[in-house]
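The structure's right below; bear with me while I get my questions together.
The values are calculated or read from the model by the stated rules, or taken from the named source; none is laboratory data. Predicted model, so just to flag it, every value in this text is computed and none were measured. Cβ placement follows ideal geometry from the backbone for every residue including glycine, while neighbour counts extend to all protein chains displayed.
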Amino acid sequence: MDLGTACDFSILAKSGIDSVPNSDVAGDIGVSPIASTAITGFDLTLDSTTGAYSTSTQVDGRVYAADYSEPTPSRLTTAVSDMESAFTDAYGRVPPDFTNLGGGNLDGETLTPGVYKWDTGLSIDGDITLDGGPDDTWIFQVAGGLSVASGVTINLEGGAQPENIVWVVAGGPGVEIGTDADFAGIVLAQTAINVLTNATVDGCLYAQTAVNLQMATVTGCDCDLVDLQVDAACVDEDGEITVTNPNDVSVMVTVTGPDAYEETMEVPAGGSATWGALADGTYSLETDNIAIGLDITTLDISCDAAIPDVVTTPATEVNGSTATLNGELTDLGDFDTVDVFFEWRELGTDEWIATDTQTLDAPGDFSAGIEGLEPGNTYEFRAVGLANGERVEGATLRIIKTVPGVPQVITSPATEVNGSTATLNGELLDLGDYDTVDVFFEWRDLGTDEWIATDTQTLDAPGDFSAGIEGLEPGSTYEFRAVAVTDGTRDEGAIIEFTKAEPGAPIVETQMATEVNGSTAVLNGELIDLGDYDAVDVFFEWRELGTDEWTATETQTLDAPGDFDAEIAGLEPGSTYEFRAVVVANGAREEGTIVSFTKAEAGVPSVETQPATEINGSTAVLNGELIDLGDFETVDVFFEWRELGADEWITTESQTLDEPGDFSAGIEGLELGSTYEFRAVMVANGDRFLGATLSFTKLAPEDLAVETKPATEVNGSTATLNGELLELEGAEEVTVYFLYRVEGTEVWTFTDEQVLTQTGPFSATATNLETGTTYEFRAVAQVEDTVVYGDILEFTKAPDDGKKCKKKKREYERAKREYEKYEKKYEKGKVNKKQLKKKRHAYERAKREYEKCKRAGKNPA
C-alpha cells in the first residue's frame with residue numbers, strides 16, 4: 001500500500017489528536033487542517049528557533065500542526081491528501097478474495113494474504129493469526145466500524161509485516177482498539193480512532209477525524225523513504241545546523257546562507273551531519289534526492305548574545321473574528337529595554353499589519369489581540385523585537401480561522417450495484433451551527449474529469465442518506481463522494497470506488513445419479529445461483545463413457561435456485577455413463593462437473609476391504625464393509641489373510657449378514673517385522689465376491705518404523721499430510737514421503753521426498769484436491785531396499801458451506817422417498833419383496849452416509 005508522505009507520520013489526523021497521559025508514540029505525529037490547539041494531553045513545547053515543530057515527552061519524534069511555520073503546513077497538506085488517496089485506493093481494491101468472513105465476527109481464525117471485505121461492521125472478539133510471508137499483503141475493507149475486544153492479540157506468523165496489513169474502515173462508530181489489546185497494521189479510518197488503556201498498535205493510525213489515545217502505545221510504520229530532520233542550536237555564539245537521516249540510503253544536503261555561504265555535505269544512512277560556525281542570518285537547505293525532503297527548509301539563526309532574542313508562540317482564543325497573538329522575549333541582549341509587537345497578514349498578501357508596541361525590561365511572555373478575521377481564511381504572524389535599531393523576528397506561524405460550526409459528512413460504500421444501477425450512500429455526522437443542511441452525491445466514471453451530481457436532499461438532523469444512479473456500464477469502475485452544503489460552506493466525504501461487474505454468471509452443480517434401475521436412471525443437479533438473471537434454462541448432457549457425442553435432456557426453466565432432475569432410458573447393464581448439469585442464460589453457458597455412474601449387472605452384491613486396526617502384540621483386527629446384498633436376502637462374509645509372499649490364505653470364521661454394514665474379525669499369531677495382506681470376502685448362493693487386498697506390517701520395536709498421523713489444514717485445494725518417523729533401524733538417514741489417492745482408486749500419488757537423520761514428525765502438502773472427495777494416504781519410510789508403510793488414513797476435502805453434507809442429505813431424502821413409494825406399491829402387490837428390500841438397503845445406506853457426514857461436520861478431523 002502506497003501511503004506517500006503520510007508514512008512520515010505514525011499518527012495523522014484532520015481534526016485532532018488527544019492523549020490521556022502517558023501514551024508512548026514512536027515517530028512523528030501531525031494534524032491538518034486543524035491547528036495545534038487540537039493536539040491535547042501532550043504538553044507540547046514549540047521549537048523556538050524554527051517554529052516548525054513541537055516536542056513532547058510522549059512522542060519520541062516531532063509534533064507537527066497546520067499553524068506552525070513553513071514548510072510544515074505544506075508538508076501536512078500533502079500528507080493528508082496522500083492519506084485520503086490511500087484510503088480510496090485500499091477501499092477500492094476489487095474483487096475481494098473473501099466476503100463477510102465470520103458474519104462480521106472473528107475469533108481464532110488464521111487469515112491468509114488477500115483482500116477481505118465486510119458489508120457491515122467487524123468485531124474481533126478473540127485472538128486471530130495472519131499467516132504469510134514478509135512480502136504478502138492483507139487489506140481489510142470494513143463498511144461499518146471496527147471493534148477489537150480487550151486483551152485480543154493479532155498474531156503475525158511466517159514473516160508477516162505490520163506495514164503490509166491495512167485496515168480501511170469506512171463508517172460506523174469508527175475504530176476502537178480495546179484495553180490491553182495487541183493490534184498490528186495500518187489503520188485508515190474515515191471517522192475516529194480510539195485506542196484504549198494499555199493497548200499497543202504495531203503500525204500507524206490515520207484518521208479523517210480524530211485519534212484518541214488512553215495511555216496507549218503506537219510503534220509507527222517502517223517506510224521506504226522519509227524526510228530528514230533539521231535542528232539548529234547556538235554553540236559559543238556561533239550557529240550550528242544538524243541534519244539527521246533515518247533512511248537506509250545516504251543523502252547529499254546543501255546549506256546556503258548569508259555572505260554567499262554554501263556548503264554541501266553527505267548525510268549518511270542512519271546518521272547525521274553538522275554545519276558549524278555559522279553567522280547570524282537566514283539559511284536554506286535542500287537535498288539532491290527528489291524522493292527525500294527535509295522537515296525544515298528555511299531557518300533563522302541568531303546567536304549574538306548582544307542582540308535580543310524573540311520567539312513566536314501559537315495563537316490562542318481564535319474565536320469569531322478575533323484572535324490573540326503570542327510571543328516571548330527570551331533575552332534582552334545588551335539592552336535595558338526592548339520594544340516588542342506582532343506583524344500579521346492574510347496568507348498570500350504582501351502587506352504586514354503591526355500591533356501596538358509594548359516595551360519590556362525583562363524576558364517574558366507578551367501578547368496582543370487582533371480582529372477583523374474572516375471565517376475560512378488563513379493568516380500568518382510573527383513576533384518582532386526592536387532595540388536601538390536592531391530588529392529581530394521570531395518564526396512565522398499561522399492562524400487557521402475555521403468556518404464556525406461546519407457540517408461534517410462521510411461517504412459510505414455503494415450498495416445494490418445491479419444491472420445498470422447502483423445506490424450511493426453517505427452519512428451526515430453533524431449539522432454544525434446550522435438548522436438544515438443540503439446533501440447530495442457527486443459521481444463519475446473513474447479517469448474522467450467531470451462530476452455528476454445527484455438531486456439535493458435537505459436534512460435537519462444527522463443521519464444516513466442515499467441516492468440511486470443509473471446508466472452504469474458493465475466492467476466499468478466508478479468513484480463517488482458525499483457532499484454537504486449550507487450557507488456557502490461545503491464539506492466532502494472521502495472518494496470511494498465501486499465496479500459494475502460483468503453480469504454475474506449462473507452457477508450449476510452436478511449431483512450423483514439415483515434410481516439406477518432396469519434400463520433407466522435419474523440425473524440430478526442443483527442450480528446454486530441465477531447470477532444476474534431473472535430466469536435460466538437447465539438440462540443435462542449424458543453419454544456412455546468413451547463415446548464422443550452427448551445426448552441432451554429436455555430443457556427446464558428455473559427462476560430460483562434449487563434442485564432439478566431428469567430421467568434417462570436405454571441404459572445397458574455393465575456399462576458406465578457420464579453426465580453433467582448445464583445452465584444457459586442469454587447465450588452464456590456454464591457447466592457442472594462431470595459425474596459418472598455404472599449400470600451394474602442385475603443383482604450383483606458388493607463388499608469392500610477396510611484398513612486393519614489394533615495391530616498390537618501378536619494380534620490385529622481385520623475390517624470390511626458389506627456395501628450391497630444385491631438380490632440376496634442374506635450373505636456370508638469373512639476374511640482371508642496370509643503373510644506377504646506366502647501361497648496359502650487363512651480364513652476367519654464366517655458371519656451371516658442380512659443388511660449392509662461394517663464387519664470385522666480378530667486374527668493372532670503375527671510375527672514382529674512381518675508384513676501381512678488380507679481381503680474381505682462375501683459368498684452368496686455359491687457365488688464369491690472379493691474386496692481389495694490391503695496390507696499391514698507388524699513392526700519390531702527396533703525396526704525401521706513410521707506412523708501416519710491425521711491430515712491437517714485441509715484448505716483450498718491442498719492439505720497437509722502428517723507422519724512420524726518412530727525408529728531409524730540404526731541407519732544414519734531415512735528417506736520419508738507420503739502416498740495419497742482418491743478413495744477407491746488404484747493409483748497412488750507421491751509427495752516430494754525428505755531425508756531425516758533422527759526420529760520425529762514430518763509433513764508434506766497434497767495438492768490439486770477436489771472438493772467433495774475423500775482421499776486416503778499413508779506415510780512411507782525407506783532405507784535402501786527396505787520400505788515400511790504407516791496405516792492408511794482418510795480425509796475428505798469437503799465443499800465450502802457444507803455442500804457435501806447437503807448432497808448427502810438430498811441423496812438420503814430421495815432414497816427415503818423411493819423406499820416409502822415402494823412400501824406402498826408392495827402393499828398393493830405391484831412390486832415383490834426382493835424389490836422392496838433393495839430399496840430399503842439403498843435408503844439405509846444413504847441414511848448412514850448422511851449421518852456420518854453430519855458427525856464429521858461436528859467433529860472435524
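In the range 445-464, is there at least one residue being surrounded by 12 or more Cβ atoms within 10 Å (Cβ to Cβ) and charged (D, E, K, R)?
Yes, the range 445-464 contains a residue that is surrounded by 12 or more Cβ atoms within 10 Å (Cβ to Cβ) and charged (D, E, K, R).
Residues T313, T322: which one is closer than 26 Å to Y283 by Cα and at pLDDT 90 or above? Full working, then the answer.
Values: T322 fails: closer than 26 Å to Y283 by Cα.
The unique qualifying residue is T313.
Which of the strands (runs of 3 or more DSSP E) contained wholly in the range 626-697 include at least 1 residues that are free of Cβ contacts under 8 Å to residues at least 24 places away in the same chain?
Strands (runs of 3 or more DSSP E) meeting the threshold: 655-657, 687-690.
While we're on this one: Given the structure, is G61 out of contact with any Leu (no Cβ under 9 Å at 6 or more places or on another chain), within 21 Å of T200 (Cα to Cα), of a type in the set (G, A, S) and in a strand (DSSP E or B)?
Numbers: out of contact with any Leu (no Cβ under 9 Å at 6 or more places or on another chain): yes; within 21 Å of T200 (Cα to Cα): yes; of a type in the set (G, A, S): yes; in a strand (DSSP E or B): yes.
Yes: the conditions hold for G61.
Considering the range 420-449 alone, what residues qualify as being part of a loop (DSSP other than H, G, I, E, B) and of a type in the set (A, V, I, L, M, F, W, C)?
Taking the range 420-449 and keeping what is part of a loop (DSSP other than H, G, I, E, B), we get 420, 431-436, 446-449.
Passing the criteria: L431, L446.
Pick from the range 206-225 the residues that are part of a loop (DSSP other than H, G, I, E, B) and out of contact with any helix residue (DSSP H, G or I) (no Cβ under 6 Å at 6 or more places or on another chain): which of them is modelled with the lowest pLDDT? Talk me through it step by step, then tell me what you get.
Looking only at the range 206-225, we keep the residues that are part of a loop (DSSP other than H, G, I, E, B), and these are 208-209, 215-216, 219-225.
Those left that are additionally out of contact with any helix residue (DSSP H, G or I) (no Cβ under 6 Å at 6 or more places or on another chain): 208-209, 215-216, 219-220, 224-225.
On the way: Q208: 91, T209: 89, M215: 93, A216: 95, T219: 94, G220: 91, D224: 74, L225: 78.
Checked the range 206-225; the qualifying residue modelled with the lowest pLDDT is D224.
The conditions are (1) outside any strand (DSSP E or B); (2) in contact with a helix residue (DSSP H, G or I) (Cβ under 7 Å, 6 or more places away or on another chain); (3) under 26 Å from A494 (Cα atoms), and A52 fails exactly one of them. Which is it?
Of the numbered conditions (1) outside any strand (DSSP E or B); (2) in contact with a helix residue (DSSP H, G or I) (Cβ under 7 Å, 6 or more places away or on another chain); (3) under 26 Å from A494 (Cα atoms), the odd one out for A52 is (3).
Conditions: (1) loosely packed, with under 13 Cβ neighbours inside 10 Å; (2) closer than 17 Å to E794 by Cβ. L694 meets all but one. Number of the miss?
So the condition that L694 fails would be (1).
Would you tally the residues in the range 321-351 being in a loop (DSSP other than H, G, I, E, B), of a type outside the set (S, T, N, Q) and in contact (Cβ under 8 Å) with a residue 24 or more places away in the chain? First the steps, then the outcome.
We begin by selecting, within the range 321-351, every residue in a loop (DSSP other than H, G, I, E, B); these are 321, 332-337, 347-351.
Remaining after also requiring of a type outside the set (S, T, N, Q): 332-336, 347-348, 350-351.
Now drop any that are not in contact (Cβ under 8 Å) with a residue 24 or more places away in the chain, which leaves 332-336, 347.
Qualifying residue count, the range 321-351: 6.
Among the residues of the range 52-61, is any aromatic (F, W, Y), more than 30 Å from G126 (Cβ to Cβ) and not assigned by TED's automatic domain parsing to the domain that holds I290? If you could, list the steps in order and put the result at the bottom.
The initial filter retains those residues of the range 52-61 that are aromatic (F, W, Y), namely 53.
Narrowing the set further to residues that are more than 30 Å from G126 (Cβ to Cβ) leaves 53.
If we keep only those that are not assigned by TED's automatic domain parsing to the domain that holds I290 too, we end up with 53.
Yes - at least one qualifying residue is present in the range 52-61.
Of these, Y826, Y819, which one is more than 18 Å from A521 (Cα to Cα), crowded, with 16+ Cβ neighbours inside 10 Å and either at pLDDT 70 or above or of a type in the set (V, I, T) (or both)?
Working: Y819 fails: more than 18 Å from A521 (Cα to Cα).
Criteria check complete, one pass: Y826.
Would you point out which residue out of V384, V409 is farther than 30 Å from G468 by Cβ and β-branched (V, I, T)? Full working, then the answer.
On the way: V409 fails: farther than 30 Å from G468 by Cβ.
Unique residue meeting the criteria: V384.
Considering A646, A680, which residue is within 21 Å of Y789 (Cα to Cα) and loosely packed, with under 14 Cβ neighbours inside 10 Å? Lay out the reasoning, then the answer.
Details: A680 fails: loosely packed, with under 14 Cβ neighbours inside 10 Å.
After applying the criteria, what remains is A646.
Given the options A505, A521, name the one that is at pLDDT below 80, closer than 30 Å to E544 by Cα and either within 34 Å of the chain's Cα centre (by Cα) or in a strand (DSSP E or B) (or both). Talk me through it step by step, then tell me what you get.
Working: A521 fails: at pLDDT below 80.
Answer to the selection: A505.
Hey, another quick one. Looking at I301, I290 in this structure, which one is modelled with pLDDT under 90 and touching a Leu at 6+ places or on another chain (Cβ under 6 Å)? Walk me through how you get there before you give the answer.
Working: I290 fails: touching a Leu at 6+ places or on another chain (Cβ under 6 Å).
Every option except I301 fails the conditions.
Among the residues of the range 127-145, what is the count of those that are of a type in the set (A, V, I, L, M), touching a residue at least 40 places away in the same chain (Cβ under 8 Å) and part of a strand (DSSP E or B)? Even if it seems obvious, please write down each step before you answer.
Taking the range 127-145 and keeping what is of a type in the set (A, V, I, L, M), we get 128, 130, 139, 142-143.
Now drop any that are not touching a residue at least 40 places away in the same chain (Cβ under 8 Å), which leaves 130, 139, 143.
Then drop every residue that is not part of a strand (DSSP E or B), which leaves 130, 139.
Looking only at that region, the number is 2.
While we're here: Would you confirm, using the coordinates I've provided, whether E393 is closer than 30 Å to T77 by Cβ, surrounded by fewer than 12 Cβ atoms within 10 Å (Cβ to Cβ) and not basic (K, R)? Break it down stepwise before answering.
Working: closer than 30 Å to T77 by Cβ: yes; surrounded by fewer than 12 Cβ atoms within 10 Å (Cβ to Cβ): no; not basic (K, R): yes.
In short, no.
Could you check how many residues of the range 427-437 are within 17 Å of S412 (Cα to Cα) and either over 30 Å from the mean Cα position of the chain (by Cα) or exposed (fewer than 14 other Cβ atoms within 10 Å of the Cβ) (or both)? If you could, list the steps in order and put the result at the bottom.
Of the residues in the range 427-437, the ones within 17 Å of S412 (Cα to Cα) are 427-430.
Within this subset, residues satisfying the condition of being either over 30 Å from the mean Cα position of the chain (by Cα) or exposed (fewer than 14 other Cβ atoms within 10 Å of the Cβ) (or both) are 430.
Residues meeting the conditions: 1.
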